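Notes to accompany the following structure.
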Amino acid sequence: MQRKTFLKAMIATAVLAAMPLATFAQDTIKIGEINHYKRLAAFAGPYKQGIELALEETNAAGGVLGKPLEFIFRDDQGEPGEAVKIAEELMTRDGAVMLTGTILSNVGLAISSFAGEKGYVYLASEPLADSLVWGAGNKYTFRLRSSTFMQAAMLAEAAAKTDAKRFATIAPNYAYGKDAVAAFKENLLKLKPDAEFVAEQWPALFKIDAGAEVQALERAKPDAIYNVTFGPDLAKFVRDGTDRGLFEGRNVYGLLSGEPEYLDPLGDEAPEGWTVTGFPWYDLEDGPAGEFVAAYQARYDDYPRLGSIVGYMTVQSIVAALEKAGSTETEAIREAFEGLPVASAMGDIVFRAIDNQSTMGAYVGTTALSDGKGVMVDWEYKDGANYLPSDEEVSKLRPAE
Amino acid sequence: MEFFVAQLLTGLANASSLFLVACGLSLIFGVTRIVNFAHGSLYMLGAYVGYSFMQTLPGAVGFWGAILLAGVVVGIIGVLIEVLVLRPVYRAPELFQLVATFGVILVIQDLTLIIWGPEDLLGPRAPGLRGVYRIMGEPIPKYDIVLLAITPFIALALWYLITQTRVGVLVRAATQDREMVGALGVNQAVLFTGVFALGSALAGLGGALQLPKGGADLLMDFHILAPVFVVVVIGGMGSLPGAYLAAVIISVLNVFGVTYLPQSTLVLMFVVMVVVLMIRPYGLFGREEVAGEHGQVGEPELPIKPASTNVRLIVMVGLALLALLPLFGSSFAMVLTTDILIFCLFAASLHFLLGLGGLVSFGHAAYYGGGAYIAALLVTHANSPMELAFILAPLGAGLAALAIGWVCLRLTGVYFAMLTLAFAQLLWSLVFQWGSVTGGDDGLVNIWPSDWLNSTTAFFYFALIFSVGGILVLRHVAHSPFGYALRAARDSKRQAESTGINTQRVQLLAFGFAGLMGGLAGALFVFSKGSVFPNELEIARSFDALIVVFLGGVKTLAGGVAGAAFFKGVEDLLTRFEYWRLVMGLLIIFVVIVAPQGIVGSIRKAAIRMNVLKQGKHS
């Protein structure tokens, strides 16, 4: 009896899975987009809007290779195992020609490993882990966003220009936090060999005990603090740190802290005078970035976040690759991506042939308060190409193919 | 010295919210015996509701009024949950209600997202309490001082309510012996609802009170859950002074941990919990659980029998159909079926422990994820061939289960469950922290099967053989003398002992065996996905299995497998829709209410009533 129900359920699922979808008609070029739409809704939402804006523009201009471009959006619940299953479904059942997406590094790495094994092209749009294109890199995986290493190197460069000697770090206790601290140290010590690291704090991700962390940092009496916390952790850290005077008279460097995703929830309590990487959309009026911001605000009753422009550039990169490939065959797309130049919303970028990393840069500036909310001032766009290790080092990092 | 005092004050302030949420959970458990997983969701709702009130109500009165109102509103939500969801299932098997509360979590998550949107909300400041007081020269935020002053008052008020009032007498009586309270003419339904409302209100208060120290975000429901359970267990379930003391201990230790051992943030509280439970098996102020409370309650279970010829035939046909899937199904159909099969084996291994052994493990992912990691580590670091790694993985997981079981089996009931959870968390922290070996949360990638197995079809058959084989072995063991001894130990430890069964050893072996089978599922998983991440060791993974076992039917042999197949399939369909968590949550609640015996159990019962199936004759 029980077996019957079990079997019924199994057969029902199997039949459902075996059923060809009605929408299988091959008149569009389909891209499989996997993301954590529920788990990280605040990040994935603006990213999706960026993609949809670029899609509308692309298709209004006649699509790609004479066909409309279509994205299939799927939620992976933030689970690597789920993402791999969905990747297979997108490629074999839904007729996607390549994969893209993810914010979380572990999900990105799972898809990347799968793509490398099965021979599917995967454009990792947002995950930051360095190993995605280096230690665990493969020839089918490309990454758009400037990585942890690149952004940390930009901040290290700024930190090296000051007199600060004693540095303290605070980073969430997981791979991204550790990579970010390691990359900052490596780059800072190269530029300023006498820098000293007097405290390293590792709060659990999204479970920060801000009061205790601030006390521990204060106790080390650093000249400068390098912050990697983000999201609700950042809000608590900033609030407790400001209250207890931790940031007074100290240089603070915040990785990603200037992105609207993280700065805006802080409202009028956004920290002032931090050197951060971020996205000052409010100042972008000229050039492709300005056009993007204007188009985004015209299309949505909302302003762009960093995720929005990454989503937009994801579509731009894919369009460029498909046009260069001239076909939707996997190998053609993969070869097209190697060394692919893209005229993107952040200016000209290249997907480097040596490690499949794009040279997308980041905006580095200082935080300030304006009309009761945090903004970046005195910012500068730093080209990612200048913040990557030498080709020799990179080829040592990547596994032989 | 100054620094020390400042740290102590920070710890005490942090204990405040934790205590409020924990004592609510403890009260609810003490009286209703419900392990309320939705308690974190009530805390989150408290934060969001409090935030909304603070936006509309002006000034200091508005601020403190908003916190009180948040408590009241969440209390009312608690009443709704109790009346609509939990009351219909009070007579269900022990711990079944926790599945219902899990459905509530999913529903609240999506409703919160719909109402308040995805962005994190920064908590408003308490009016007039911005800035710091200097205590012995050290800056302490004013709000911290207020918090650590308020908490003892709330604790005192609760103490007064519990020890000095008629309501309190009833609550204490119900905590000790709820049947007797009912027999003495107390309306249990009202008492339960009242306690649930009070517990929920406390969680809501806790959520609103922490707003000035942080804010409201969509992940806070799960993040508070583990610390709150740790506090309740360390304090002793049902004990308010215990909850307060434990909240203070955990919070203060955490502050010192952050300073002197910054990397300890992941493990500290679980280490404390293991140590406390080793010394005091029922927490600091808990009492030994009344015998029978966690044995088999409700109807006696039917004796199990091997499947009848008809059932065997049906299973054979089903398996044959599955084996033919590569002929008519798509490549994705095989991938999905592989996933489902692996999950079925994982659930079946937990079901063996839970259904036959009566051992509720909250940390079964330790063996599933453990098996996956053993295989991945062997491949990554020892370059071992896939076949060897695949054999060693379940063995290693089984050994780990034996070791962990040896420690955990000294406890019973919920304390046993929480200790298994603690060990699973310790394992998770180890894997998460030890980046150089395990890759941390970037995991281990490129763990693919050997060439002969690498095609989707080949691996599908491989998974089919091992999953179905594993499930059949589990089923066979249930019918063996060992299975009978295990059930005897579950139903009456004393009688089993007196017939010469070494119950301790039988249960330990069962624990190891279930771990071995969980490890087999994990090994299949890692080679089907090609990578493994700490997610596979998380609490959430343990609960996935726990929920499908309960929903499938604890007291039936096929419950675990049926539940797993049904819900994995449904999940695959639902995640295609935007508000799938809401639908999934409602579906879980629906199943819990209409099928309190689980899917298989309830169908069987209906079949018996309609005379389709004869009493006692079942598979």
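The values are calculated or read from the model by the stated rules, or taken from the named source; none is laboratory data. Just so it is clear, the structure is predicted and the values come from calculations on it, not from any experiment. Note that each Cβ is placed from the backbone with ideal geometry, even for glycine, and that neighbours are counted across all protein chains shown. Accessible surface areas use protein heavy atoms only, side chains included; no ligands, DNA or RNA. Shrake-Rupley method; radii C 1.70, N 1.55, O 1.52, S 1.80 Å.
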Check on B:I224, in a helix (DSSP H, G or I), surrounded by 24 or more Cβ atoms within 10 Å (Cβ to Cβ) and not hydroxyl-bearing (S, T, Y): yes
Filter result for B:I77 (modelled with pLDDT of 90 or more, surrounded by 16 or more Cβ atoms within 10 Å (Cβ to Cβ), outside the structural domain of B:Q597 (by TED's automatic domain parsing) and out of contact with any Ser or Thr (no Cβ under 9 Å at 6 or more places or on another chain)): no
The listed residue being in the same structural domain as B:L129 (by TED's automatic domain parsing) and touching a strand residue (DSSP E or B) at 6+ places or on another chain (Cβ under 9 Å), out of B:Y43, B:Y48: B:Y48
Conditions (1) open to solvent by 10 Å² or more (accessible area, probe 1.4 Å); (2) within 17 Å of A:D383 (Cβ to Cβ): number failed by A:V342: (1)
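What is the residue count in the stretch B:572-584 for residues that are part of a helix (DSSP H, G or I) and facing chain A (nearest Cβ under 9 Å)? Steps first, please.
Step one: of the stretch B:572-584, the residues part of a helix (DSSP H, G or I) are B:572-574, B:580-584.
Add one more test, that the residue is facing chain A (nearest Cβ under 9 Å), and what stays is B:572-573, B:580-581.
The qualifying residues number 4.
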Among residues of the stretch A:337-356, those that are in contact with a Gly (Cβ under 8 Å, 6 or more places away or on another chain) and not aromatic (F, W, Y), counted: 8
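To keep it simple, each residue is scored yes or no on (1) aliphatic (A, V, I, L, M); (2) crowded, with 24+ Cβ neighbours inside 10 Å.
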{"position": "A:L99", "(1), (2)": "yes, yes"}
{"position": "A:T102", "(1), (2)": "no, yes"}
{"position": "A:G116", "(1), (2)": "no, no"}
{"position": "A:G119", "(1), (2)": "no, no"}
{"position": "A:S125", "(1), (2)": "no, yes"}
{"position": "A:F142", "(1), (2)": "no, yes"}
{"position": "A:S147", "(1), (2)": "no, yes"}
{"position": "A:L155", "(1), (2)": "yes, yes"}
Considering residues of the stretch A:165-192 that are in contact with a helix residue (DSSP H, G or I) (Cβ under 6 Å, 6 or more places away or on another chain) and over 26 Å from B:P534 (Cα atoms) only, the residue surrounded by the fewest Cβ atoms within 10 Å (Cβ to Cβ): A:L191
Any chance B:L587 is more than 9 Å from every other protein chain (Cβ to nearest Cβ), in a helix (DSSP H, G or I) and either among the β-branched types (V, I, T) or open to solvent by 10 Å² or more (accessible area, probe 1.4 Å) (or both): yes
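Only residues that are part of a helix (DSSP H, G or I) and open to solvent by 50 Å² or more (accessible area, probe 1.4 Å): list them for the stretch B:82-122, please. Lay out the reasoning, then the answer.
We begin by selecting, within the stretch B:82-122, every residue part of a helix (DSSP H, G or I); these are B:82-89, B:97-116.
Matches in the stretch B:82-122: B:V83, B:L84, B:R87, B:P88, B:L111, B:I114, B:I115, B:W116.
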Those residues of the stretch B:286-307 which are at pLDDT 65 or above and either surrounded by fewer than 14 Cβ atoms within 10 Å (Cβ to Cβ) or more than 10 Å from every other protein chain (Cβ to nearest Cβ) (or both), in sequence order: B:G286, B:R287, B:E288, B:E301, B:L302, B:P303, B:I304, B:K305, B:P306
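Of all residues in the stretch A:33-50, how many are open to solvent by less than 20 Å² (accessible area, probe 1.4 Å) and facing another protein chain (nearest Cβ under 8 Å)? Walk me through how you get there before you give the answer.
Kept after step one, since they are open to solvent by less than 20 Å² (accessible area, probe 1.4 Å), are these residues of the stretch A:33-50: A:33-36, A:38, A:41, A:44, A:46-47, A:50.
Still in the running and facing another protein chain (nearest Cβ under 8 Å): A:38, A:41.
Qualifying residue count, the stretch A:33-50: 2.
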Any hit, the stretch B:306-315, residues being touching a His at 6+ places or on another chain (Cβ under 7 Å) and not in a helix (DSSP H, G or I): yes
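Test B:A70 against the stated conditions and say whether it is outside any helix (DSSP H, G or I) and crowded, with 16+ Cβ neighbours inside 10 Å.
Details: outside any helix (DSSP H, G or I): no; crowded, with 16+ Cβ neighbours inside 10 Å: yes.
Taking the combined requirement at face value, the residue does not satisfy it.
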Of all residues in the stretch A:240-277 being part of a helix (DSSP H, G or I) and in contact with a Ser or Thr (Cβ under 8 Å, 6 or more places away or on another chain), the one that is surrounded by the fewest Cβ atoms within 10 Å (Cβ to Cβ): A:E269
The stretch B:560-612: number of residues that are over 25 Å from B:D339 (Cα atoms) and over 24 Å from the mean Cα position of the chain (by Cα): 10
Total residues in the stretch B:234-265, condition within 19 Å of the chain's Cα centre (by Cα) and open to solvent by 20 Å² or more (accessible area, probe 1.4 Å): 2
Test: residue in the stretch B:551-567 that is open to solvent by 20 Å² or more (accessible area, probe 1.4 Å), assigned to a helix (DSSP H, G or I) and more than 9 Å from chain A (Cβ to nearest Cβ): no
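Determine if the stretch B:437-452 includes at least one residue that is within 12 Å of chain A (Cβ to nearest Cβ) and either polar (S, T, N, Q) or closer than 18 Å to B:F543 by Cβ (or both).
From the stretch B:437-452, those within 12 Å of chain A (Cβ to nearest Cβ) are B:438-449, B:451; that's our starting set.
Still in the running and either polar (S, T, N, Q) or closer than 18 Å to B:F543 by Cβ (or both): B:438, B:446.
Scanning the stretch B:437-452, I find at least one residue that is within 12 Å of chain A (Cβ to nearest Cβ) and either polar (S, T, N, Q) or closer than 18 Å to B:F543 by Cβ (or both), so the answer is yes.
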Extreme residue, surrounded by the most Cβ atoms within 10 Å (Cβ to Cβ), among residues of the stretch A:53-82 that are touching a Gly at 6+ places or on another chain (Cβ under 9 Å) and at the interface with another protein chain (Cβ under 9 Å from one of its Cβ atoms): A:P80
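State all residues of the stretch A:84-95 that are open to solvent by 10 Å² or more (accessible area, probe 1.4 Å) and within 9 Å of A:G32 (Cα to Cα); if no residue qualifies, say none.
Taking the stretch A:84-95 as the starting set, the residues that turn out to be open to solvent by 10 Å² or more (accessible area, probe 1.4 Å) are A:91-95.
Those that are open to solvent by 10 Å² or more (accessible area, probe 1.4 Å) and within 9 Å of A:G32 (Cα to Cα): A:M91, A:D94, A:G95.
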Near pairs, Cβ below 9 angstrom, 6+ apart or cross-chain, from the stretch A:183-202 (free of Cβ contacts under 8 Å to residues at least 40 places away in the same chain and more than 14 Å from chain B (Cβ to nearest Cβ)) to any residue that is of a type in the set (A, V, I, L, M) and assigned to a loop (DSSP other than H, G, I, E, B): A:K185/A:A195; A:L188/A:A195; A:L189/A:A195; A:K192/A:A164; A:A195/A:A164
